[in-house]
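Enquirer: I'd like to ask you about the structure that follows.
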Amino acid sequence: MNGMDLHKIEIMRDGNWEEVPYESLDVGDQFRMIDPEGNIFVDSYGEVMSAASKPFFDEDLGTWLVQIK
């Protein structure tokens, strides 16, 4: 199990939040991550994140990453 398995990933689709696997994020997706306690991760401006890249696996860190804008 990697660290992303502990977080729920939701993307905004047609005005609704839909849970998706982290690896399925696509460039431009508005998304949020929710930890097991229900805390929502937001960007430094307090808003949901926007994917600037497709997710990629970082072998050195052993986890999935995505660039955000």
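Enquirer: Can you find a residue in region 14-31 that is in a helix (DSSP H, G or I), hydroxyl-bearing (S, T, Y) and either out of contact with any His (no Cβ under 9 Å at 6 or more places or on another chain) or modelled with pLDDT of 95 or more (or both)?
Expert: Yes, that holds for at least one residue.
Enquirer: Here's a follow-up. Give me the pairs: first residue in region 25-42 and more than 12 Å from M12 (Cβ to Cβ), second residue surrounded by fewer than 14 Cβ atoms within 10 Å (Cβ to Cβ), beta-carbon distance under 6 Å, and six or more apart or on different chains, which are they?
Expert: Pairs that qualify, where the first residue is more than 12 Å from M12 (Cβ to Cβ) and the partner is surrounded by fewer than 14 Cβ atoms within 10 Å (Cβ to Cβ), are M33/F41; I34/I40; P36/L6.
Enquirer: All but one of (1) more than 12 Å from the chain's Cα centre (by Cα); (2) modelled with pLDDT of 90 or more; (3) not in a strand (DSSP E or B) hold for F57, so report the exception by its number.
Expert: Unmet condition: (3).
Enquirer: Please specify each residue of region 25-51 satisfying the condition of being of a type in the set (G, A, S) and loosely packed, with under 12 Cβ neighbours inside 10 Å.
Expert: Result: G28, G38, S44, G46.
Enquirer: Quickly run through region 52-69 and pick out the residues that are open to solvent by less than 50 Å² (accessible area, probe 1.4 Å) and without any contact (Cβ under 8 Å) to a residue 60 or more places away in the chain.
Expert: Selection gives A52, S53, P55, D58, V66.
The values are calculated or read from the model by the stated rules, or taken from the named source; none is laboratory data. Because the structure is a prediction, the values reported are computed rather than measured. Note that each Cβ is placed from the backbone with ideal geometry, even for glycine, and that neighbours are counted across all protein chains shown. Side chains included, ligands, DNA and RNA excluded: accessible areas come from the protein's heavy atoms. Shrake-Rupley method; radii C 1.70, N 1.55, O 1.52, S 1.80 Å.
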